[in-house]
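Here is the structure we will look at, set down as structure tokens.
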Amino acid sequence: MHQQFNFLIEVLGTISFAMSGSFAAMQKRLDPFGVLIIAFVTSVGGGTVRDLLLDVPVFWMTDMLTCSLIFFTCLFSMIFKSIERNFKVTLFIFDSFGLGLFTIIGIQKGLSVGLHPLICLTLGTITGCFGGIIRDILLNRIPLIFRKEIYATACIIGGGIFLLMTKYSGWSYTLVQISTILLIVVIRTLAVKYHWQIPKFYDDGSHGEA
Amino acid sequence: MHQQFNFLIEVLGTISFAMSGSFAAMQKRLDPFGVLIIAFVTSVGGGTVRDLLLDVPVFWMTDMLTCSLIFFTCLFSMIFKSIERNFKVTLFIFDSFGLGLFTIIGIQKGLSVGLHPLICLTLGTITGCFGGIIRDILLNRIPLIFRKEIYATACIIGGGIFLLMTKYSGWSYTLVQISTILLIVVIRTLAVKYHWQIPKFYDDGSHGEA
Amino acid sequence: MHQQFNFLIEVLGTISFAMSGSFAAMQKRLDPFGVLIIAFVTSVGGGTVRDLLLDVPVFWMTDMLTCSLIFFTCLFSMIFKSIERNFKVTLFIFDSFGLGLFTIIGIQKGLSVGLHPLICLTLGTITGCFGGIIRDILLNRIPLIFRKEIYATACIIGGGIFLLMTKYSGWSYTLVQISTILLIVVIRTLAVKYHWQIPKFYDDGSHGEA
């Protein structure tokens, strides 16, 4: 059941990240191949950077399922362009679940090769967030992650609690996993619903371009 | 002859991508070292990402020819700055040939390690297009590939036909190679000449920043 | 003593790059986690790209010291936000020393696996400059390196002289190292003080978007 649970959410995560990439690209009025490329990098970007850093085979290179999922999701998004409006909440939930599981997967991959927990937390954050960062760089906007939402913050908090619970809680692994993914989803949802923001640093006009 | 043909076009491709990088950088008024760096990443960027993904040695690290070619092309472009105007068509042809061959080289590298054809097509597109994408990111403009030209599209169509013909046509390998490279060149040329565009998605103003 | 010297300056370089990243991120009004991420990529970006290209283990993955240094530097920068104004010169000196040593470290790593000196020079430049380039890409500004300062130029000149002196000067290794780092610092300092600029290419309005 544990494997199947992982598999299910990974599929949903891939689909939702591909959708988020497709919609962002259509909004910037790219042509269909451009949309496909953006959907692809949004979905696999984080895991690719993680695998390059770990020097393990890049996960999508031998895995036709991921590529097919992205292709059909992208096609679906282009055909039913208007779903974005109607399913905005659904999309947001998918995206948050994807973020949660991708973070946990990144941490697990790091732990499995014996890295220090804090490095694993970094890898988890990279897996969850870099796809979106690369998407925003390609579309030439300031990575959204750095602006509006509690995004990386949810990864870091959820991942940290995952690491602590794995070590100290005595709960079963699957339970720890499910709770931390849910925690990440809840943090993001509450943050967006109630406009939580971490205080930012305001420019007091005193420094030039460093 | 097959080897020499590959070699010849690879040299022309490297030169033309280095030129395209140099001119883009001079247009943005970078200093000579900036121009050299942009020429370098434009020319080797795609192949570098491909080699990192495949986990094989990065091709230019042990190959002084590529580096020398880029250096002298860049020097030449800076000295004869005005050639861009006079040789615009020549440059465009070179660039298209480079695109074609780099795409085919990427596909071949993928096939040689036994990857699925669709993954190989992805690698081919990355090899052909990522140099230009990185150039545009560094120069802070929206990757041109996503805006005006049938660029990635030509890669994907040409590469797809290359894969089909390799498997089903019964033609000699060199012939398949030459025809698909020519096909990519022809698609791009016609697209630019007759202002072909793939229909884009227009923003109907209904979604905010997703 | 040689090891300790290397270690000392590497620590100072890491700290100063983390500071430069933190201040740039605070200026763009990111939240604390965004600031931490920018500090991290500024500090480790160059070395990470270098290690990926060389296909050796990425240096910070097994090195808690680097990560801790970045974390505490970032915390310190956020708390004592105003130090930037008072310690601008100090920061600039640190940054230049970091640039110098990171360049030399990159060259040494390349030489130790038997690469051609010019490739090693490229690796040194990448190690010194890419952290700052990635920082500026993430913050959506044109990489400063390409605009105002003699930055890459100092790397390339200093690195070139390091390679020549290692081979021909007959000086001890540590001495060559110290002199070239100082040379890079001096070039940058004089360049900034006296507004040295390498002549740039001005757009004569004759070319469109290449």
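Of all residues in the stretch C:21-37, exactly one satisfies the criterion of being charged (D, E, K, R) and more than 7 Å from chain A (Cβ to nearest Cβ), namely C:Lys28. A single entry from A:Phe17, A:Phe5, A:Phe40 fulfils the requirement of being more than 10 Å from every other protein chain (Cβ to nearest Cβ), hydrophobic (A, V, I, L, M, F, W, C) and within 15 Å of the chain's Cα centre (by Cα): A:Phe17.
Filter the stretch C:10-34 down to residues that are under 23 Å from C:Leu182 (Cβ atoms) and touching a Cys at 6+ places or on another chain (Cβ under 9 Å), then give me how many there are.
2
Which condition from (1) of a type in the set (Gly, Ala, Ser); (2) surrounded by fewer than 24 Cβ atoms within 10 Å (Cβ to Cβ); (3) not in a loop (DSSP other than H, G, I, E, B) is the one that A:Gly114 breaks? So A:Gly114 meets the others, but not (3). Candidates are the residues of the stretch B:43-69 that are outside any helix (DSSP H, G or I) and of a type outside the set (Asp, Glu); the one that is nearest to the chain's Cα centre (by Cα) is B:Val58. Checking each residue in the stretch A:107-143 for being more than 19 Å from A:Ala154 (Cβ to Cβ), touching a Pro at 6+ places or on another chain (Cβ under 9 Å) and more than 14 Å from chain B (Cβ to nearest Cβ) picks out only A:Leu111. Within the stretch A:98-108, can one find any residue that is without any contact (Cβ under 8 Å) to a residue 60 or more places away in the chain, within 27 Å of A:Gln3 (Cβ to Cβ) and crowded, with 16+ Cβ neighbours inside 10 Å? Yes, the stretch A:98-108 contains a residue that is without any contact (Cβ under 8 Å) to a residue 60 or more places away in the chain, within 27 Å of A:Gln3 (Cβ to Cβ) and crowded, with 16+ Cβ neighbours inside 10 Å.
Contact map, the stretch B:55-84: residues that are more than 9 Å from chain C (Cβ to nearest Cβ) and closer than 13 Å to B:Ser43 by Cα paired with residues that are among the acidic types (Asp, Glu) and in a helix (DSSP H, G or I), Cβ distance under 7 Å, separation 6+ or inter-chain. Pairs shown: B:Phe59/B:Asp51.
I'd like the residue in the stretch A:70-93 that is modelled with pLDDT of 90 or more and crowded, with 20+ Cβ neighbours inside 10 Å and, out of all such residues, is nearest to the chain's Cα centre (by Cα). Taking the candidates together, the pick is A:Ile70.
Checking each residue in the stretch A:12-37 for being at pLDDT 85 or above, of a type in the set (A, V, I, L, M) and closer than 20 Å to A:Leu65 by Cβ picks out A:Ile15, A:Ala18, A:Met19, A:Leu36, A:Ile37. Scanning the stretch B:13-58 for residues that are among the hydrophobic types (A, V, I, L, M, F, W, C) and in contact with a Phe, Trp or Tyr (Cβ under 6 Å, 6 or more places away or on another chain) yields a total of 4.
The values are calculated or read from the model by the stated rules, or taken from the named source; none is laboratory data. As the structure is a computational prediction, the values presented were derived from the model and not from experiment. Every residue, glycine as well, gets a Cβ built from its backbone with ideal geometry; the counts of neighbours run over all protein chains shown.
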